[in-house]
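Contents: one structure, followed by commentary.
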Amino acid sequence: MTSILGTESIQHPNGTAAATIDASGRILTPARPAFRVEKRASNQSFSDSTSTKITFEHEAFDIGGNFASDKFTAPIAGIYHFNTCLRVVVGGAGTMELGAVYLYKNGSHFTDIVQIQTSANNMRNSHIGGGVTLQLAAADYVEVYCNISGTSPLVHAHADGQRTWFSGFLVG
């Protein structure tokens, strides 16, 4: 026996739209947690070879309001995906020997997103980043940290937010 449920929208009893389905069958979930934050206002300097939490001054969007104080806090348990890209730079005539981006979970190192050893080609600046999918419990939080080995390291800001950013969303 086949059952068909025909609907254009699903709502919570309080009237909040949970899902809509367009005429082509595409499903929109407008309350699904998602965010993108960017470093636009100023470069962030830190000490050579020191893991440092990255700060973000601009929210491009934050569905659900779950990003604050430079960390994303999971509103519900589920599978989440995060991406980040950092423009890392060393000063003067120095060279970068190590560039690493880490995801911290609940205040502790959780996983490496990327780590590059650059002493062979003596890079002075680069975009480094990647993505990770993980399971979070409600109230778990994640943050981006960076470690650069080099002279006067910094994470570079840019007015359009396209050089250093962090984003994530609930997969389900």
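With respect to the stated conditions, VAL142 fails to be under 17 Å from LYS53 (Cα atoms), at pLDDT below 90 and under 15 Å from the mean Cα position of the chain (by Cα).
The single residue among LEU103, LEU136 that is within 18 Å of VAL37 (Cα to Cα), surrounded by 20 or more Cβ atoms within 10 Å (Cβ to Cβ) and at pLDDT 95 or above turns out to be LEU103. Checked against the criterion of being modelled with pLDDT under 85 and either more than 26 Å from ILE148 (Cβ to Cβ) or exposed (fewer than 12 other Cβ atoms within 10 Å of the Cβ) (or both), the range 36-56 has no qualifying residue.
For every residue, the table says whether it meets (1) of a type in the set (A, V, I, L, M); (2) within 28 Å of ASP160 (Cα to Cα); (3) at pLDDT 95 or above; (4) touching a strand residue (DSSP E or B) at 6+ places or on another chain (Cβ under 7 Å).
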position	(1), (2), (3), (4)
ASN14	no, no, no, no
LEU28	yes, yes, no, yes
GLU59	no, yes, yes, yes
GLN115	no, yes, no, yes
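Residues of the range 1-35 that are surrounded by 15 or more Cβ atoms within 10 Å (Cβ to Cβ) and over 25 Å from PHE82 (Cβ atoms): THR20 alone.
If you go through the range 16-26 and keep only what is farther than 19 Å from GLY64 by Cβ and modelled with pLDDT under 85, you end up with nothing.
The values are calculated or read from the model by the stated rules, or taken from the named source; none is laboratory data. The structure presented is a predicted model; accordingly, all values stated were derived computationally and were not measured. Ideal geometry is used to build each Cβ from the backbone, glycine not excepted, and the neighbour counts take in all protein chains shown.
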